[in-house]
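Asks: Quick one: structure below, then a few questions.
The values are calculated or read from the model by the stated rules, or taken from the named source; none is laboratory data. Just so it is clear, the structure is predicted and the values come from calculations on it, not from any experiment. We place every Cβ from the backbone using ideal geometry, glycine too, and count neighbours over all the protein chains shown. Surface areas here come from the heavy atoms of the whole protein model, side chains and all, with no ligands, DNA or RNA. Shrake-Rupley method; radii C 1.70, N 1.55, O 1.52, S 1.80 Å.
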Amino acid sequence: AYDPNPLNYNIIKQTQDMWRLLDVLDVARCAVVGTSMGGLMGVLMANERPDRIGALVLNDVGPEVDPRGLARIAGYVGVDVSAGDWGEAAAQLKIVHAQAFPTYSDEDWLRLARATYRDDDGRLVLDYDPALAVALGQMAKAPLDLWPAFEVLRHTPTLVLRGALSDILSETTLAEMKRRFPAIETAIVPDRGHAPDLGEPESLRAVADFLATIEIAEQMGG
């Protein structure tokens, strides 16, 4: 259900929801794989309960958000659009996101459409609350200094993925993250903007290898 208060669409509230979900599922410790805002939620969770977060995979997000990308996202989030069929929905997504996914096939766009739209009495509509734009606008007005929160990366095993074409996580920010937190691992996903869909061979390989290493270390008590 959509939240009657759109300002609740923020990482603090959503992180509280994640803790409740993990408690219900009786998950005492886990690795968090987070895309964009999900990555920021993972960082917050590692700060709040480091005993429960064994590792982080941050997909195209860091402590600084490129304002170009934020402006682009603000331009389409919350816009009321609909489609008559799945082909039209895929075409709409291609118009908005072609720069981020230049190698997507027609099948890829259709897959993205089915993950983004829902059938509402025969009309396809975006499957998220349009009021999300309200929360996004508030975040843009009051940007936070997130570098202190990212200090948790010093003692949390972390993999950072960056889309080579990303307008959210800049090369400069990723380089600064690596300078400040030299233990983190990084991987660049070619032909992707914000954000890699994690189905790319490069993404799958990087995440699988990283988590396998973490699992071995956990088993050995490291």
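Asks: Tell me, what is the per residue accessible area of the range 1-92 in Å², probe radius 1.4 Å?
Replies: 51
Asks: Trypsin sites (Lys or Arg not before Pro) within the range 12-103: which are DSSP loop residues with at most 12 other Cβ atoms inside 10 Å?
Replies: Here the sparse-neighbourhood loop sites are Arg29.
Asks: Now a separate question. Assign one of three labels to the range 71-122, namely rounded, prolate or oblate, based on the Cα gyration tensor with a ≥ b ≥ c the square roots of its eigenvalues; rounded applies when a/c is under 1.5, prolate when it is not and a/b is larger than b/c, and oblate otherwise.
Replies: oblate
Asks: Could you give the size of the charge dipole of the chain about its Cα centre, using +1 on the Cβ of each K and R and -1 on the Cβ of each D and E, expressed in debye and rounded to the nearest 20?
Replies: Magnitude of the dipole: close to 600 debye.
Asks: In terms of modelled amide H atoms, which long-range or inter-chain residues lie less than 5 Å from the amide H of Phe101?
Replies: Those lying under 5 Å, H to H, from Phe101 are Gly193.
Asks: Kyte-Doolittle mean at least 1.6 and Cα extent at least 18 Å along the axis: which DSSP H helices of the chain qualify?
Replies: Once both thresholds are applied, nothing remains.
Asks: Another question, then. Accessible area of the range 1-146 with a 1.4 Å probe: how many percent of it is carbon plus sulfur?
Replies: Using a 1.4 Å probe with all protein chains present, the range 1-146 comes out at 58 percent carbon and sulfur.
Asks: Right, here's the next one. With +1 assigned to the C-beta of every Lys and Arg and -1 to the C-beta of every Asp and Glu, and no other charges, what is the dipole magnitude of the range 1-78 about the Cα centre in debye, to the nearest 20?
Replies: Around 60 debye, computed over the range 1-78.
Asks: Output the peptides 155-165, 185-195, 53-63 sorted from most to least packed, where packing is the average of other Cβ atoms within 10 Å over each peptide's residues.
Replies: So the order, starting with the most tightly packed, is 53-63, 155-165, 185-195.
Asks: So how far, in whole Å, is the C-alpha centre of the range 192-222 from the one of the range 15-68?
Replies: Spelled out, the Cα-based centre of one part sits 15 Å from the other.
Asks: Among [x] -0.22, -0.76, -1.22, -1.33; [y] -0.19, -0.71, -1.30, -1.48; [z] -0.23, -0.84, -1.38, -1.49, which is the computed log10 I(q)/I(0) by the Debye sum over Cα atoms at q = 0.07, 0.13, 0.17, 0.18 Å⁻¹?
Replies: Correct label, based on the coordinates given: [z].
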